[in-house]
Structure formats: C-alpha cells, structure tokens
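Asker: Okay, here's the structure, questions in a sec.
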Amino acid sequence: MVVPAADGGAARGSVPSFGTPERAVAALAHAVRYGSWLTSPAGSVPDLPGIDADAARTLLADAWELISAPRAAPLLDGYWGARG
C-alpha cells in the first residue's frame, strides 16, 4: 500500500513492498545490520603517535581563508610525515 506524496513518491504511512522475496529478505537483513550498528557502543578516538593535532588546529583556525600550498604542506606533514 502506498500513500502518495506530493512529489509522486511514497509518503509516510506507506507499507513497503518488494518485487521478490529475495529483495524483501535483503532489505530486512540491511535493517537488522543497521539496527545492530546503531545499538553498538560508541568507539573512541585512537591516540595516534606522530599526529600534532594542536598544530593542525592552529593552521586551520581561520576557516574562512583558503589554505595555500605553502600553508597546507605543514598540515599534511603533521598527519602523514615528510612528503616524498
């Protein structure tokens, strides 16, 4: 059952329908995986050696200004080491 939306698509209150049982099972499996992911514990930010986050924050403090190549190089070096 489809409740038509103004744009012609399915609106809130529509009942999903699938062309084959396999597509219905795939959609259900996706919903289960997504629900499992939503209820999993939040991760943590790893402590990565060699990353100078304070230097990166300093370089990006003025977000309105585009970063030129000479200013971007130290930022990239801080995250990925010396450029090859």
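Asker: Under a 10 Å cutoff between Cα atoms, tell me which one of 35, 13, 50 has the largest fluctuation in the Gaussian network model of the chain.
Answerer: 13
Asker: Quote to one decimal, in nm, the extra length available between residue 51 and residue 32 on full extension: 0.36 nm per residue of separation minus the C-alpha distance between them.
Answerer: Length difference between fully extended and current span is 3.2 nm.
Asker: P(r) for the chain, please, calculated from all Cα pair distances in 5 Å bins and given in %.
Answerer: Per 5 Å bin, starting at 0, the Cα pair percentages come out as 3, 11, 10, 11, 9, 7, 6, 8, 9, 14, 10, 1.
Asker: At 222 nm, what value in deg cm²/dmol follows for the chain if DSSP H runs of at least 4 each add -39500 (n - 2.57) and the sum is divided by all its residues, to the nearest 500?
Answerer: -14000 deg cm²/dmol
Asker: Note down the relative contact order for segment 1-43 as a percent, whole number, built from C-alpha pairs under 8 angstrom at least six residues apart.
Answerer: Value for segment 1-43: 23 percent.
Asker: Still on this structure: In whole percent, what relative contact order does the chain give with Cα contacts below 8 Å and a gap of six or more residues?
Answerer: Once divided by the residue count of the chain, the mean separation gives 18 percent.
Asker: Report the Rg/Rh value for segment 1-43, based on alpha-carbon coordinates and the Kirkwood definition of Rh.
Answerer: That ratio is 1.14, to two decimals.
Asker: For the ranges 39-48, 52-61, 3-12, what's the packing order if you count other beta-carbon atoms within 10 Å of each residue, average per peptide, and put the highest first?
Answerer: The most tightly packed comes first, giving 52-61, 3-12, 39-48.
No lab work stands behind these numbers, since they all come straight from the coordinates. Worth saying up front: this structure is predicted, and the values here are computed from it rather than measured. All Cβ positions, even for glycine, are placed from backbone atoms using ideal geometry, and neighbour counts span all protein chains on display.
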